[in-house]
Structure formats: C-alpha cells, structure tokens
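> My questions all concern the structure below.
The values are calculated or read from the model by the stated rules, or taken from the named source; none is laboratory data. This one's a predicted model, so the numbers in the text were calculated from it and none came from an experiment. Ideal geometry is used to build each Cβ from the backbone, glycine not excepted, and the neighbour counts take in all protein chains shown. Ligands, DNA and RNA are excluded from the accessible area calculation, which covers all protein heavy atoms including side chains. Shrake-Rupley method; radii C 1.70, N 1.55, O 1.52, S 1.80 Å.
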Amino acid sequence: MSYQLTIEPLGQTVEVAEGQTILDACLRAGIWLPHACGHGLCGTCKVQASGGELEHGEASPFALMDFERDEGKCLACTATVQTDITIEADIDPDPDAQCLPLMDYQARVARIETLTPTIKGVFLEIEHEHGDAALRFQPGQYVNLWLAGEAAPRAFSIASAPSSREVELNIRLVPGGKVTSYVHDGLKVGEQVMLSGPLGRFFVRKSDPRPLLFIAGGSGLSSPRSMVLDLLESGDTRPIRLIQGARTLDELYYRAEFEQLAARHPNFEYLPVLSGEPQDSAWAGERGYVHELAVRHFGQDFRGWRAYLCGPPPMIEASIAALMQGRLFEKDIFTEKFLSAADAGQAVRSPLFRSL
Ligand SMILES: Cc1cc2nc3c(=O)[nH]c(=O)nc-3n(C[C@H](O)[C@H](O)[C@H](O)COP(=O)(O)OP(=O)(O)OC[C@H]3O[C@@H](n4cnc5c(N)ncnc54)[C@H](O)[C@@H]3O)c2cc1C
Ligand code: FES
C-alpha cells in the first residue's frame, strides 16, 4: 500500500510506502527537506501537513509540542502517512548542496580500530549498492546504521573523505547504549551491516571564500575530519583552523595525522585542548574547553570567519554562545549535534539560534 505525498511550495508529488517516513520518501526521491538528527529529537524537519491523516511516530514532545500537533504540524523524520496528504515545507535552496538521493547500502566491516578507550574506528567496504556505484556524500554528512538487531537505525557521521575507498565511522561508546555497546564488544571484522545515506545538511559552504573554523568535541571529530581532509586534498588555500577537544590525552585521537597535515599545509592550523587531563601529566598543550580555547585564540573576535561545530549538545551550546559573543552571526555558524535517545526528554533546540 502506498500514498501520494504532495510537497508545497514545490508542487511535486512522491509516493510514500506504508510505514515509510515523509523524510525518507522525499530524500529517496531526490527532494531535499530540512533535517538534522533524523530521529525526532531536534525539530529541524517540522512541516505543516494538511488534507490527510498521519501518525507522528517517535517524535520527542520537546521537538514537537502538543499545540503544534494540534495545528497540524509534524516531524517529517518520524511521521508516516495513512492517506494521500500535502505538506508545506520551508525549503531554502542552498547553492552548495549537492542533493544526493538517500539510498540503502550493504557493507562489510573491513577493519575495526581502537582509536581511544571509548571510540572505535569502524571501516566499512560498500559491497552491494542499489543503483549507484558507491556511497556518495558531502563531507560532514552522516549515515543511518542498522546493527545489533535494533529496528531503529542509529546516526553516525562519516569520518573519511569521499576520496577514501572505505567509509569510516568513529563510534563512541554510550553507557547503556545498545548499538554502540555492540560495536565496542560484539562487532567483528567480516560482518555485514546495512546502512542508508547520505543524510544531513552539515557540509562546507565552499562557495563562500571566508576562512573556516572547525570545533569538534569527542567523536564529533568525525564530520570535521572528513571536511578538513577534503578541503586540503582539493587544494583549498583559505585559512582553516581545527579546535579538537577531548577530556584526556588518551581520548585525543588522530592528533599525529592533524599535526602532519598542519606541517604540510601552511593554511591549516590544528589546536588540540584537554578539559580533564591530570595537572601533573606530561601534557604541555592547551587546557580547558573548546570554546574557551577558541575565545583565547581569537581574542574574542570571530568576525570574518565561518564556524562549523560538531559534537555533544552542551559543547555546541557553549561554542555558539562564545562565537556569538565574539560577533559571529547565526548565519555564519553551522552545527551537527550528536543527539541520542537520551536527549528525547529534553529541549534540544538551541535557545541561541532562531532557525535551529
Ligand atoms: C546526526 C548525528 C550524527 C552522529 N554522529 C555520531 C558519530 O559520528 N559518532 C558517534 O559516536 N556518535 C554519533 N552520533 C550519536 C549516536 O547516534 C548515538 O550515540 C547513538 O545513537 C547511540 O546509540 P545506542 O544504540 O548505543 O544508544 P541507545 O540504546 O539509543 O541509548 C542511548 C542513551 O539513551 C538512553 N535511552 C535509551 N532510550 C531512552 C529513552 N526513551 N529516554 C531516555 N533515555 C533513553 C540509554 O540508556 C543510553 O544512555 C550522532 C548523532 C546524530 C544525531
Ligand atoms: S530531523 Fe527530524 S527531529 Fe531532527
């Protein structure tokens, strides 16, 4: 059974299968709808529905308030339809978006590397593609991964550059988390996994020539790593700075790689910072949180830069506040929040951003 979904103001119609979300149907048909977390947590994909019936699915009550449901709004990433229906979406064309259609892939786990005590590098070889030669994505985007027999996929950003033969994911262990626990304790080389992608709108707006500041916390290094590798590989010469935050030295991964890149590329500066390293350790580098280092390093003046932030929600919020106090506008700040099911009961939209 399938239904007709009309997307306004585009006036285009796509088919939605029983149980398929509105977002999934649109992205597979090559129609881009605003979205970020893909799991009913952030509210970015909110659309107005009319002329039909739908189920809201696992929409967080903070991402979609009761009064918004009453007004006919829904989250495209969790809503499924029961009749033909029309949605009205805020579709802002972006000259840097490639609008690559969402597709399913089967992959083989080629390697697993312990990057830190809490982060595994999982390297996937795409084996079987449905209609395309490889997983195409824009650096910064993420995939949905099905694992551990879970019905719902989990989101993981791609840490490798598009030029890499393997798709690399950096997966942090979430205490009590089903999929990340399986990745850390059960996943084996050679295992087959299902994924779909690409997803998300976190990618470098390359058409804007301004210098780029990347701020990454924990496994939030994945997207910025893919973006920085891609920019440097493609010979981009604008100033690029990466601030990487970790709690302790053993959690600071890919440091040697970034130091080598900084030595080879005069336009790239790498700034690692540790927030919980014991005072008596051998670490002679920067200490504190990423936003504190950013303020120190830039003298609280970020004018003229564009910032890309990726990691846990509290890190993103603190960094947005620091950047805005340092005179960077909302339109110059892009974020990818690593939300999980634990965020379902909390307000996850930034109070500092009007559009997010
Ligand atoms: C766009 C995006 C990109 C991401 N990229 C990355 C990445 O590159 N690397 C990375 O490490 N992480 C990334 N994440 C985060 C990652 O998706 C989560 O850590 C992951 O989904 C956790 O899966 P899990 O099965 O281990 O945990 P789950 O089993 O889903 O549980 C997560 C946590 O929530 C708790 N919990 C479960 N259900 C509920 C509930 N109903 N209410 C309250 N608490 C609950 C659990 O106890 C646990 O602490 C990304 C997230 C997003 C949205
Ligand atoms: S993308 Fe739908 S709620 Fe985040």
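> Would you kindly work out the equivalent ellipsoid of region 2-88 from its C-alpha gyration tensor and give its semi-axes, the square roots of five times the eigenvalues, largest first in whole Å? Before the final figure, lay out the partial values.
Working: eigenvalues 66, 37, 27 Å².
Gyration-tensor ellipsoid for region 2-88: 18, 14, 12 Å.
> Any idea what Rg and Dmax come out to for region 289-335 if you just take the C-alpha atoms, in Å?
Over region 289-335's Cα set, Rg and Dmax evaluate to 9.5, 25 Å.
> A follow-up question, please. Compare 113, 336 by solvent-accessible area with a 1.4 Å probe and give them largest first, with all protein chains kept in place. Provide the component values of the computation, followed by the final result.
Numbers: 113 70, 336 10 Å².
Accessible-area ranking of 113, 336, largest first: 113, 336.
> In nm, what is the difference between 0.36 nm times the number of residues separating residue 279 and residue 55 and their Cα-Cα distance?
Working: separation 224, 0.36 × 224 = 80.64 nm, distance 5.31 nm.
Full-extension gain reported as 75.3 nm.
> Say R0 is 41 Å: what FRET efficiency, to the nearest 0.05, do residue 194 and residue 256 get from their beta-carbon distance?
The pair residue 194/residue 256 has a calculated efficiency of 0.80.
> Roll a 1.4 angstrom probe over the protein heavy atoms and tell me the percent of accessible area of region 212-343 that is carbon or sulfur. It would help to have the intermediate numbers written out before the result.
Details: 2890 of 5420 Å².
Carbon plus sulfur share of accessible area: 53 percent.
> Ok, one more. Per the Debye formula with a single identical scatterer at each Cα and no solvent contribution, what log10 I(q)/I(0) holds for region 103-215 at q = 0.16, 0.17 Å⁻¹?
Evaluating at q = 0.16, 0.17 Å⁻¹ gives log10 I(q)/I(0) of -0.74, -0.83.
> Let me ask something else about it. Once you treat every alpha carbon in the chain as an equal point and sum by Debye, what is log10 I(q)/I(0) at q = 0.13 Å⁻¹?
-1.06
> Taking the Cβ of residue 176 as the center, what net charge do the other residues with Cβ under 14 Å away carry, scoring Lys and Arg +1 and Asp and Glu -1? Spell out each step's value before the answer.
On the way: positive: 154, 172, 178; negative: 150, 185, 343.
Net local charge, residue 176 excluded: 0.
> For the chain, what does the helix formula give at 222 nm: sum of -39500 (n - 2.57) over DSSP H segments with n ≥ 4, over the residue count, nearest 500 deg cm²/dmol? Intermediate results must be reported in sequence, preceding the final value.
Values: 7 runs with 64 residues, N = 356.
So the helix-based figure for the chain works out to -5000 deg cm²/dmol.
> Also, quick follow-up: Roll a 1.4 angstrom probe over the protein heavy atoms and tell me the percent of accessible area of region 2-88 that is carbon or sulfur. The partial results should precede the final answer.
Values: 1770 of 3700 Å².
Carbon-and-sulfur percentage of accessible area, whole number: 48.
> Report the extension gain between residue 263 and residue 205 in nm, rounded to one decimal, defined as 0.36 nm multiplied by the number of residues separating them, less their alpha carbon distance. List each step's numbers first, then the result.
Details: separation 58, 0.36 × 58 = 20.88 nm, distance 2.51 nm.
Stretched out fully, the residue 263 to residue 205 stretch lengthens by 18.4 nm.
> If one computes the Cα centroid of region 51-77 and of region 83-146, what distance in Å separates the two points?
So the two Cα centres are separated by 25 Å.
> For the chain, what does the accessible surface come to per residue with a 1.4 Å probe? Please give it in Å². Can you show the working numbers first?
On the way: 15650 Å² over 356 residues.
That works out to 44 Å² for each residue.
> Between beta-carbons, use under 13 Å as the cut-off and find the net charge around residue 283, counting Lys and Arg +1, Asp and Glu -1. Spell out each step's value before the answer.
On the way: positive: 247, 255, 287; negative: 250, 251, 277, 280, 286.
For residues surrounding residue 283, the net value is -2.
> Using a 1.4 Å probe on the protein heavy atoms, what percent of the accessible area of region 103-199 belongs to carbon and sulfur? Numbers along the way, then the final one.
Details: 2080 of 4060 Å².
Answer for region 103-199: carbon and sulfur cover 51 percent of the accessible area.
> What nm value, rounded to one decimal, do you get for the distance between residue 88 and residue 303 when each label is placed 7 Å out toward the C-beta?
Roughly 4.0 nm, to one decimal.
> Measure of size requested: the Rg and Dmax of region 84-126, with Cα atoms as the atom set and Å as the unit; please supply both.
Cα only, region 84-126: 18.3, 49 Å (Rg, Dmax).
> On to the next question. Binning at 10 angstrom from zero up to the longest distance, how are the C-alpha pair distances of region 152-208 distributed in percent?
Using 10 Å bins, I get a P(r) of 17, 47, 27, 8, 1 for region 152-208.
> Within a Cβ distance under 12 Å of residue 334, other residues only, what is the Lys/Arg minus Asp/Glu net charge? Display every interim value, and only then the final one.
Working: positive: 201, 205, 306, 331, 337; negative: 94, 96, 208, 330, 332, 336.
Value of the local net charge: -1.
> Heavy-atom accessible area of residue 66 with all protein chains present, probe 1.4 Å, nearest 10 Å²?
Near enough 110 Å² of accessible area.
> Another question about this same structure. Would you mind giving the average projected area, over all directions, of the Cα convex hull of region 183-244 in nm² with one decimal?
For the Cα atoms of region 183-244, the hull's average projected area reads 6.1 nm².
> So the label point goes 7 Å from the Cα of residue 136 along Cα→C-beta, right? Which residues of region 9-48 then have their backbone N under 13 Å from it?
Once the point is set 7 Å along Cα→Cβ of residue 136, 30 turn out to lie under 13 Å by backbone N, inside region 9-48.
> Based only on Cα atoms, what mean projected area does the convex hull of region 212-343 have, in nm²? Don't skip to the answer; put the middle values down first.
On the way: hull surface 33.6 nm².
For the Cα atoms of region 212-343, the hull's average projected area reads 8.4 nm².
> Related question: Which aspartates and glutamates, if any, have their Cα less than 14 Å from the Cα of residue 337, not counting same-chain residues under 8 positions apart?
317
> Then there is this: Can you tell me which lysines have their Cα less than 17 Å from the Cα of residue 120? Leave out same-chain residues fewer than eight positions away.
Cross-link targets: 178, 188.
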